[in-house]
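See structure below.
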C-alpha cells in the first residue's frame with residue numbers, strides 16, 4: 001500500500017537538512033510506487049518529445065557546440081563580463097548588487113523589501129532564490145513570498161519542496177493537487193471553487209483565479225534570469241504560463257537574483273541559446289513566453305529595478321579545471337529526464353535544489369565534498385553517459401563525476417576515516433607483494449570456496465557490494481597449482 | 001490585500017561586496033583562455049516569402065492558436081468578425097492603432113493610457129496589437145513595445161490577444177530575428193497561448209497569460 005510506505009518529503013525552510021544522504025534516500029524513494037509511476041511516465045514523455053523537436057533541426061550538433069563555446073567564453077572572461085553587465089544595466093536605470101554568499105543575497109533582498117515597507121512579494125520560479133532559501137528567510141521576517149508557477153504553487157501550498165527544475169510537482173498526482181488547493185488556498189487568498197474537480201483544466205483555472213489577485217495587488221516582484229547579457233545589461237526569463245510576464249511587468253519594483261554564470265557576452269549569443277534551451281527543456285520549438293528587459297523603461301513595467309549578482313560557491317566551481325564546465329548549465333533538465341538513476345529515485349533523494357546528474361556534480365562543486373550529502377552525490381550515477389549526450393551545452397558529467405569520486409576518496413584519506421574498500425586494498429597490496437603469500441591465500445580461498453558458494457551477502461561494510469551482486473564461485477585449484485600439476489610436470 | 005504604490009523610505013543604492021566577488025572570479029580564471037565560437041549553425045532557411053508565411057502559419061497553428069493569412073484590405077473586417085465570434089465584449093488597443101482596423105468592431109474599445117491600471121485591464125476581455133518580428137521556424141511572435149504594440153501589460157492581462165503580424169516582418173530563423181531586434185527595448189516573445197504541463201504532464205492552454213491567441217498575418221502593400 002502506497003500510503004504506508006515511507007516517503008521523502010523534505011520540508012521547506014529546513015530545506016534539505018535532516019535528509020538522509022543519497023544512498024539511503026534513494027532506498028526510501030525506490031519504495032514509493034506513486035513517485036516511481038509519475039516519474040517514469042513524465043521522464044519518458046518529455047524524453048520522446050525532446051527527441052522529436054531536436055530531430056527537426058539539422059544543425060543541432062552545431063548549435064550545441066556553439067552553445068558550449070559561448071558559455072566557456074563567458075566564463076573565461078567572467079570578471080570583465082560582470083563589470084560590463086553592471087555598467088550597462090546601471091546606465092539603463094537598474095541598481096546592481098553583489099552577493100558573495102546566500103546570507104548576503106538574503107540581506108540585500110530583505111533590505112529592498114523593507115525599504116518599501118512591503119509585507120508580500122510575488123515570485124516567478126527561480127533556482128537562485130531557492131538556492132539561497134529566500135522564501136524561508138522572508139517568512140522569518142514576516143514577509144510572505146508567493147510562488148506563482150503552477151507547480152511551485154502546488155509545492156508551496158502542499159508544504160513540501162520541488163523535485164524537478166521544470167515540473168517541480170512531478171511527485172504529485174491530480175487528486176493530491178485538488179485536495180491541496182481545496183485545503184490550502186482559502187487560508188492564503190482566494191479559495192478554490194467549491195465544485196473543483198481533478199481535471200487539469202479546472203485545476204489550472206483555480207490557480208489562475210487565486211493568483212490573479214496576487215498579481216494585481218503586490219507591488220514587489222522577485223525573479224531569477226535564464227540569461228544576463230553583458231553587452232547590453234539585458235535580463236532574459238523564459239516561461240510557459242504567463243506568471244513570469246505578470247511578475248516582471250505588473251509590480252512597481254522588480255528584484256532579479258542572477259547567478260554570476262548566467263551571463264552571455266552579447267545579445268546575439270541568444271540566437272543560439274534561445275534555440276537550445278526550449279527544445280532541451282520543455283521539448284518545444286519555443287516556450288510560450290520569453291521576456292527580455294533592460295533596466296527601466298519609462299511607462300512600461302516596473303519603474304524600480306534591482307539585480308543581485310550571486311556567487312555562493314560559483315567561484316569555487318569556476319576554479320576547478322574539470323568541474324568548471326558545470327557552470328555552462330542552463331538548467332534545462334534534459335539530463336534529469338534521460339537519467340536512469342533520477343527516473344527511479346526522483347529529485348528529493350539528491351537532497352538539494354539541484355537534483356539529477358547536474359546536481360550530482362554541481363553541489364559538490366559549489367560546496368566541496370566534506371559533508372556526507374555532497375560526498376555521496378558523485379556516486380549517484382551508473383556513468384552511462386546519457387546525460388552528456390543530452391546536454392545542450394555539452395557538459396561531460398561522467399568525467400566530472402569520476403574526478404569527484406577521486407576527490408571524495410582523497411578527502412576521506414585526509415580526514416583519516418578508514419573504509420572497507422581502502423582496508424581491503426591494503427590487505428590485497430600486502431598479499432600480492434609476495435608470491436608465497438598469494439599462494440597461501442589462494443589455497444585458503446580454494447578450500448573455503450565450496451562454503452563461500454553459499455554466501456550470499458558479505459558481512460559488515462562489504463555488504464553494500466553484495467547487496468546487488470552474487471559472489472563469484474571460487475575455483476578449488478589456483479592457476480599456480482594447476483600449472484604445477486600440468487605444464488609444470490611436463491617439463 | 002490592498003495595493004499601495006510601493007512607498008519607499010529611502011533610495012536604495014548598490015549593496016554587497018563587489019570587489020570580493022570579482023577577486024574570487026579573477027583568482028579562479030587566471031589561467032583560462034577564451035575559446036573561439038564556431039558558428040556553423042543555420043542562419044536562414046532559403047525560403048521565399050510565400051513559403052515563410054506558410055511555415056509561420058503552420059507552426060503558430062501547432063500551438064493551437066488561431067491563424068488567418070489575409071490581405072491588407074480585409075484587416076478591419078476580420079478583426080470585427082474574430083471579436084464577434086469570440087464574444088469579446090471589450091478590447092484595449094494601443095493609442096497609435098490605426099482606426100481603420102476598428103471599423104467593424106462592435107465591442108467596447110478602450111484606448112490605452114497611463115491612468116489605466118492593471119485592475120482596469122483585468123476588466124477588459126481582449127486586446128489588439130501589432131508586432132515587431134515573426135519567426136517561421138518556431139511559430140514565434142516578438143513584441144518590442146514599438147509601433148501599434150503599446151506597453152507590455154496590455155497584451156498580458158486581457159484573456160484574448162489578437163495580434164497582427166506584417167508578412168514582411170516574418171523571418172525564417174531565430175538568428176535572423178535576433179539580428180532585427182533591439183535589446184534595449186522591452187521584448188516579449190510569444191509562442192502560442194499561455195500553457196502549462198505541470199499537472200501530470202497534460203498540456204493545458206491558458207494559465208495566467210491570454211488563454212486565446214489569434215494571429216492575423218497581413219499580406220499586400
Unique residue being closer than 26 Å to residue A:96 by Cβ and in a helix (DSSP H, G or I) when the list is B:27, B:13: B:27
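Yes/no matrix, rows are residues, columns are (1) under 24 Å from residue A:396 (Cα atoms); (2) facing another protein chain (nearest Cβ under 9 Å):
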| residue | (1), (2) |
| --- | --- |
| A:25 | no, no |
| A:32 | no, no |
| A:36 | no, no |
| A:77 | yes, yes |
| A:86 | no, yes |
| A:93 | no, no |
| A:97 | no, yes |
| A:100 | no, yes |
Of the listed residues (B:37, B:79), the one being touching a helix residue (DSSP H, G or I) at 6+ places or on another chain (Cβ under 6 Å) and away from every other protein chain (no Cβ under 14 Å) is B:79
Would you check which residues across the stretch A:76-92 are crowded, with 24+ Cβ neighbours inside 10 Å and farther than 30 Å from residue A:298 by Cβ and list them? A:78
Per the list (1) assigned to a loop (DSSP other than H, G, I, E, B); (2) exposed (fewer than 15 other Cβ atoms within 10 Å of the Cβ); (3) in contact with a strand residue (DSSP E or B) (Cβ under 9 Å, 6 or more places away or on another chain), residue check on residue B:96 breaks on (3)
Does residue A:105 satisfy the criteria of being closer than 30 Å to residue A:263 by Cβ, in contact with a helix residue (DSSP H, G or I) (Cβ under 9 Å, 6 or more places away or on another chain) and within 7 Å of another protein chain (Cβ to nearest Cβ)? no
Among the residues listed as A:313, A:295, A:323, the single one being more than 28 Å from residue A:167 (Cβ to Cβ), more than 7 Å from chain B (Cβ to nearest Cβ) and in contact with a helix residue (DSSP H, G or I) (Cβ under 8 Å, 6 or more places away or on another chain): A:295
Answer yes if at least one residue in the stretch A:228-249 is touching a strand residue (DSSP E or B) at 6+ places or on another chain (Cβ under 7 Å), more than 9 Å from every other protein chain (Cβ to nearest Cβ) and part of a loop (DSSP other than H, G, I, E, B), and no otherwise. yes
Has the stretch B:190-202 got at least one residue that is within 7 Å of chain A (Cβ to nearest Cβ), closer than 23 Å to residue A:268 by Cα and at pLDDT 95 or above? yes
Considering the stretch B:57-66 alone, what residues qualify as being crowded, with 19+ Cβ neighbours inside 10 Å and either farther than 19 Å from residue B:129 by Cβ or touching a helix residue (DSSP H, G or I) at 6+ places or on another chain (Cβ under 9 Å) (or both)? B:59
Could you say which residue among B:172, B:145, B:139 is at positive phi and touching a residue at least 60 places away in the same chain (Cβ under 8 Å)? B:139
Picked from the stretch A:166-181 (must be crowded, with 23+ Cβ neighbours inside 10 Å and either more than 9 Å from every other protein chain (Cβ to nearest Cβ) or outside any loop (DSSP other than H, G, I, E, B) (or both)), the residue farthest from the chain's Cα centre (by Cα) is A:181
Look at residue A:111 and say whether it is within 26 Å of residue A:315 (Cβ to Cβ), surrounded by fewer than 20 Cβ atoms within 10 Å (Cβ to Cβ) and in contact (Cβ under 8 Å) with a residue 40 or more places away in the chain. no
Say whether the condition of being touching a strand residue (DSSP E or B) at 6+ places or on another chain (Cβ under 9 Å), surrounded by fewer than 24 Cβ atoms within 10 Å (Cβ to Cβ), in a loop (DSSP other than H, G, I, E, B) and in contact (Cβ under 8 Å) with a residue 60 or more places away in the chain is met by at least one residue in the stretch A:312-320. yes
Of the residues that make up the stretch A:55-65, is at least one under 25 Å from the mean Cα position of the chain (by Cα), at pLDDT 95 or above and buried (at least 23 other Cβ atoms within 10 Å of the Cβ)? yes
Quick check on my filter: what residues within the stretch A:290-311 are outside any strand (DSSP E or B) and without any contact (Cβ under 8 Å) to a residue 24 or more places away in the chain? A:298, A:299
Checking the structure you have, find out if any residue of the stretch B:144-161 is more than 11 Å from every other protein chain (Cβ to nearest Cβ) and not in a loop (DSSP other than H, G, I, E, B). yes
Identify the single condition in (1) over 20 Å from residue A:41 (Cα atoms); (2) part of a loop (DSSP other than H, G, I, E, B); (3) facing chain B (nearest Cβ under 10 Å) that residue A:193 does not satisfy, given that it satisfies every other one. (3)
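The values are calculated or read from the model by the stated rules, or taken from the named source; none is laboratory data. Keep in mind that this is a model prediction, so the values were computed, not measured. Quick reminder, even Gly has a Cβ in these numbers, built from the backbone with ideal geometry, and neighbours come from all protein chains shown.
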